[in-house]
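The values are calculated or read from the model by the stated rules, or taken from the named source; none is laboratory data. This is a predicted model, so every value here is computed, not measured. Positions of Cβ are backbone-derived with ideal geometry, glycine not excepted, and every protein chain shown enters the neighbour counts.
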Amino acid sequence: MTIDTLRLTAEEADALLARKEVSGAELFAAYRDAIEARDPELHCFLRTCDDPGGDGLPIALKDVIGTKGVETTAGSKILAGYVPVYDSTVAARCKGGGLRLLGKTNTDEVAMGSSTENSAFGPSRNPWDPTRVPGGSGGGSAAAVSAGLAPWALGSDTGGSIKQPSALCGNVGLRPTYGTVSRFGIVAFASSLDQVGPVAKTVRDCARLYSVISGRDPADSTTVEVPAVEVPTAEDLKGLRIGVPVEMRDAPGIEPGVRDAVARAVDLCSELGAEVEECSLPRSVEYGLPCYYLIAPAEASSNLARYDGVRYGHRSPEGNGLIEVYERTRDEGFGDEPKRRIMLGTYALSAGYYEAFYGKAQQVRTVIIREHAAVFERFDLIVSATSPTVAFPVGERADDPLAMYASDLLTIPSCVAGLPGISIPCGLSEGLPVGLQLVGPQLAENTLFRAAHALERALGFDYVPERLR
Amino acid sequence: MTWEAVVGLEIHVQLKTRTKMFCRCEAGFGGAENTRTCPVCLAHPGALPVANRTAVEWTIRLGHALGCTIADRAVFHRKNYFYPDNPKGYQISQYDEPLCVGGLVTVPGTEPFEVGIVRAHLEEDAAKTVHRGGGTGRKVGAERSLIDFNRAGTPLVEIVTQPDLRSADQARRFLQLLRQTIVELGISDARMEEGTLRCDANVSVRPAGSDELRTRWELKNVNSFAYVGRGIEAAIREQVALYESGGTVEQETYDYEPDTDTLTQHRSKEEAEDYRYFPEPDLVPLEPEPELVERLRTELPELPAARIVRHTEALGADDAWALVTTERDATYAALVAEGVAEREAFNVTMNQPIPPGANVAELAKVVKAAKTLTREALQKAVAASADPGFTADAYLGDVAITDAAELDPLIDRILAANPGQVESYRGGKEGLLGFFVGQVMKETGGKASPKVVNERLREKLRA
């Protein structure tokens, strides 16, 4: 039979396997064929794998996710050629669940970016319009799912790297509650913010993949027990109280087409039976971005210190003596964005500046956590746009870091607060997908799945990119 | 002017937990290079630390033993610096919220003194760098440097004292007592030669009686108890000389060179250190349950300091110290409990180690009869006291020659045969007594009573 990888959901693929209408090998081959056909244009994959066998679906993993025996570079030259000797917990859980690794997807270098243009191995392209970016940092995973190159994928999210690419590519991405998915084996960007999560065509697929990867891990001290995942079925929002943060709705820089699509989705929430009211997150929206751009680079400056050329990865062949080898190795190995953030972070942690920068940012983080907690006393979840804009042209923001950072304005506050958020497509603007972000309190993934699923059904968005239909 | 030393110590103790501080690799001395490693202690991408519970509990025990308050909440921090022996680019340590704070140790002795403990915190050890080529085994001039990561991640406790020590001797005594305490807690071998106990000293001097704190020197890499004392003495000596010649003391780090008994400037770091401490986001704060903290406190054994105090009345401070710091006080106490006089019990225990598992009740009978027995009888009894079926009876028959009439002719003969030594003895070299005793013992096959021989010899030599 022909397998339409563009259309087929993971759930449907599983059903085909269960009914033995298709073999695991055939399914794997179908996605490999799709990769061969479309990836030269889109560059979602940094490398593909041969079918490892097994009885489950294929899956693509963002290249920050360590995979035993499969090169893992995090999109950085400094890790070129690095082949992990161990599996990350999430990779092991995927294997344990029978999932078969299709390949490793492109990412901004060390997950730093919002377009994948910072990948040392070249940018990925948006399946809806290859002149545009797929978002980032997990643009490879999101674009692969939308282009039918993988039934689902894993991304990692520090300030929006799952939700924003899903929004720009028109699929579903979950950034789970901090601590629900193990970070063991994930190339670290900012440890107190990094979180792995699923990218899929549907909310139900997203929930199913989340159930595979989530749960406490003795190898990651920051993980917690996770409530049983419920794959959603309800098609209404009755009994749910939904808040609309006015500062997010009215934020400057939100494109009119995005604003309108989100407004229609908010109206739909009422129609589906939810109580919808305005709410307010003034400090989170105003200070979220600066807070994030102190904490994340500070942690990154320390996390990236291990890439020194001594034990693995790139080592400069030049250089006389220890200091020079360090300097040349890191100069050659890191691109501009990691260098920029290492410098920012080093500065923010330096003696004499710590209190004013990192220390202050931690205090602000507490304010943001409390502000969200207060809102969630009144609401089950809040909604906003995921990204202020639809996918932007490749190159447009590449030389303007601040414009690039603004891309994450709406995703960052809940990341800083450690809260779960899901992005679902809620319509098109200028022919490109618009993402709707739902954010809940800690461990409210099931509520998010339920609401997102009901909205998804009511919205009827066609996740196959128009140009590929 | 009289000068007074002001000394504080920073002590690192390697814990002998089975596994490392943040991973499950085997910890401890040994193993071929780079075999006790894993992604965590090699700092591979994505590897995360998980704190070793035993190390935490042992640090709490040590904290109790040092009279510290155990924090309700302790936080691991990252101490960031680049060096090849520091694989992550940061050391996980504790900074402003350590596990143990504010302790006090009273060091017993003829002049007891108190040492405040600022803190005791938990961290991880670095890897070991070996410099090859260039002849000196040092970094400067080496052809290449190799790194052995077996040690990387071994749990270390850092103990910081207040600057309460007033002499090199006090520092030595405090350190010896601390070492004994640590060894008895069973948490470390605490051997300076092997690096499982390391001590840096901060030394300054001031006019005696003043309470100012002057600029200090830091002494690093001192690898024996003796050198800690001698290094501090050298620093005191040089600082006093500087002040008395009208100079000033600049803050500086020194190594002690035992061969020349001098201080040499520590290699200076290539750039100023800013460790950029921040809370380790990969670990959650330690919040030891109050029940655990209390249980660990009540489970503490009686500490060496307390036992020294307890034995001081009977033995005097110095002998009590020697008894406890050689860990012979348990057998000593057992002998005393069997009715052996304290001094006698001390002498026996200190002369010859009593084997573990000794039948002390039987041995005590021999000890009590020792005056009438040959010296060998007691020695043999001690050596055999842990053997199965050991009884005193086998040794009580080995009676010494205590009859002066029997010994006198022999003694006379020995004195006559050694006129030179006799003359020297009478000229004041009383140490020669041992020589004569030895001769008598040799002639009698060890059967003479040393006590009687001594008495007779003294009397005859006095003549």
Would you mind finding the one in B:Y95, B:Y90 that is within 28 Å of B:P288 (Cβ to Cβ) and either at pLDDT below 95 or buried (at least 21 other Cβ atoms within 10 Å of the Cβ) (or both)?
B:Y90
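Report the residue count in region B:46-91 for those that are hydrophobic (A, V, I, L, M, F, W, C) and either assigned to a loop (DSSP other than H, G, I, E, B) or within 11 Å of chain A (Cβ to nearest Cβ) (or both).
Here is the first cut: in region B:46-91, the ones hydrophobic (A, V, I, L, M, F, W, C) are B:47-48, B:50-51, B:55-56, B:58, B:60, B:62, B:65-66, B:68, B:70-71, B:74-76, B:82.
Among the residues that remain, those that are also either assigned to a loop (DSSP other than H, G, I, E, B) or within 11 Å of chain A (Cβ to nearest Cβ) (or both) are: B:47-48, B:50-51, B:66, B:68, B:71, B:75-76, B:82.
Residues flagged as hydrophobic (A, V, I, L, M, F, W, C) and either assigned to a loop (DSSP other than H, G, I, E, B) or within 11 Å of chain A (Cβ to nearest Cβ) (or both) within region B:46-91 amount to 10.
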Looking only at region B:3-24, filter to residues that are crowded, with 23+ Cβ neighbours inside 10 Å and part of a loop (DSSP other than H, G, I, E, B); which one of those is farthest from the chain's Cα centre (by Cα)?
B:C23
Do we find a residue being on the phi < 0 side of the Ramachandran plot, modelled with pLDDT of 95 or more and charged (D, E, K, R) anywhere in region A:349-359?
no
Assess whether B:G103 counts as being more than 14 Å from chain A (Cβ to nearest Cβ), crowded, with 21+ Cβ neighbours inside 10 Å and out of contact with any Ser or Thr (no Cβ under 6 Å at 6 or more places or on another chain).
yes
State which residue is nearest to B:N202 (Cα to Cα) when the search covers only region B:145-177 and only residues that are acidic (D, E) and not in a strand (DSSP E or B).
B:D164
How many residues of region A:34-51 are among the hydrophobic types (A, V, I, L, M, F, W, C) and assigned to a loop (DSSP other than H, G, I, E, B)? The answer is 2
What are the pairs, 6+ residues apart or on separate chains, where a residue within region A:317-329 that is in a helix (DSSP H, G or I) has its Cβ under 8 Å from a residue that is of a type in the set (A, V, I, L, M, F, W, C)?
A:Y326/B:F82; A:T329/A:I78
Members of region B:434-454 found to be part of a helix (DSSP H, G or I) and in contact (Cβ under 8 Å) with a residue 40 or more places away in the chain, listed by number
B:M441, B:P450, B:K451, B:V452, B:V453
Members of region A:368-410 that are of a type in the set (G, A, S) and assigned to a helix (DSSP H, G or I):
A:A373, A:A374, A:A403, A:A406
If we only count strands (runs of 3 or more DSSP E) wholly inside region B:212-273, which ones have 3 or more residues that are more than 19 Å from the chain's Cα centre (by Cα) and among the charged types (D, E, K, R)?
B:252-257
Given the options A:G103, A:G97, name the one that is more than 13 Å from the chain's Cα centre (by Cα), in contact (Cβ under 8 Å) with a residue 40 or more places away in the chain and surrounded by 23 or more Cβ atoms within 10 Å (Cβ to Cβ).
A:G103
I'm told A:D336 meets every condition in (1) within 27 Å of the chain's Cα centre (by Cα); (2) crowded, with 19+ Cβ neighbours inside 10 Å except one. Can you identify the failing condition by its number?
(2)
Within region A:276-294, the count of residues that are out of contact with any Cys (no Cβ under 9 Å at 6 or more places or on another chain) and assigned to a strand (DSSP E or B) comes to 3
How many residues are of a type in the set (G, A, S) and assigned to a loop (DSSP other than H, G, I, E, B) when one looks only at region B:193-211?
4
When region B:13-44 is examined, which residues are found to be among the small types (G, A, S) and within 14 Å of another protein chain (Cβ to nearest Cβ)?
B:A43
Output for region A:52-69, where each listed residue is assigned to a loop (DSSP other than H, G, I, E, B) and away from chain B (no Cβ under 14 Å)
A:P52, A:G53, A:G54, A:D55, A:G56, A:L57
Among the residues of region A:367-383, is any crowded, with 20+ Cβ neighbours inside 10 Å, more than 24 Å from the chain's Cα centre (by Cα) and small (G, A, S)?
no
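Please state which one of A:R306, A:R378, A:R330 is farther than 24 Å from B:F278 by Cβ and at pLDDT 95 or above.
Exactly one residue qualifies, and that residue is A:R378.
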Residue count, region B:106-127, condition more than 29 Å from A:A190 (Cα to Cα) and either within 14 Å of chain A (Cβ to nearest Cβ) or in contact with a Phe, Trp or Tyr (Cβ under 9 Å, 6 or more places away or on another chain) (or both), comes to 6
Kindly establish whether B:A51 is over 28 Å from A:V90 (Cβ atoms), modelled with pLDDT of 95 or more and in contact with a Leu (Cβ under 8 Å, 6 or more places away or on another chain).
no
Can you find even one residue in region A:70-93 that is of a type outside the set (A, V, I, L, M, F, W, C), within 24 Å of A:Y210 (Cα to Cα) and away from chain B (no Cβ under 14 Å)?
yes
Can you tell me which residue is farthest from the other protein chains (Cβ to nearest Cβ) among those in region A:332-389 that are aromatic (F, W, Y) and under 29 Å from A:T116 (Cβ atoms)?
A:F334
Please state which of the following conditions A:S270 fails to meet, knowing it meets all the rest: (1) without any contact (Cβ under 8 Å) to a residue 24 or more places away in the chain; (2) crowded, with 21+ Cβ neighbours inside 10 Å.
(2)
A:K68 being under 13 Å from A:I186 (Cα atoms) and among the basic types (K, R):
yes
Given the condition within 30 Å of A:L322 (Cα to Cα), modelled with pLDDT of 95 or more, among the hydrophobic types (A, V, I, L, M, F, W, C) and surrounded by fewer than 19 Cβ atoms within 10 Å (Cβ to Cβ), answer yes or no: does some residue in region B:71-80 qualify?
no
Filter result for A:L281 (of a type outside the set (G, A, S), within 14 Å of another protein chain (Cβ to nearest Cβ), touching a helix residue (DSSP H, G or I) at 6+ places or on another chain (Cβ under 7 Å) and buried (at least 22 other Cβ atoms within 10 Å of the Cβ)):
no
Is there any pair linking a residue in region B:143-161 that is without any contact (Cβ under 8 Å) to a residue 60 or more places away in the chain to one that is of a type in the set (A, V, I, L, M) and surrounded by 18 or more Cβ atoms within 10 Å (Cβ to Cβ), with Cβ under 9 Å and at least six apart or on different chains, and which?
B:R151/B:A27; B:R151/B:A126; B:R151/B:A127
Entirely in region B:276-382, the helices (runs of 4 or more DSSP H) that have 2 or more residues that are within 30 Å of B:A71 (Cα to Cα) and at pLDDT 95 or above:
B:290-298, B:304-315
When only residues in region B:394-435 that are acidic (D, E) and surrounded by fewer than 17 Cβ atoms within 10 Å (Cβ to Cβ) count, which is nearest to B:K365 (Cα to Cα)?
B:D403
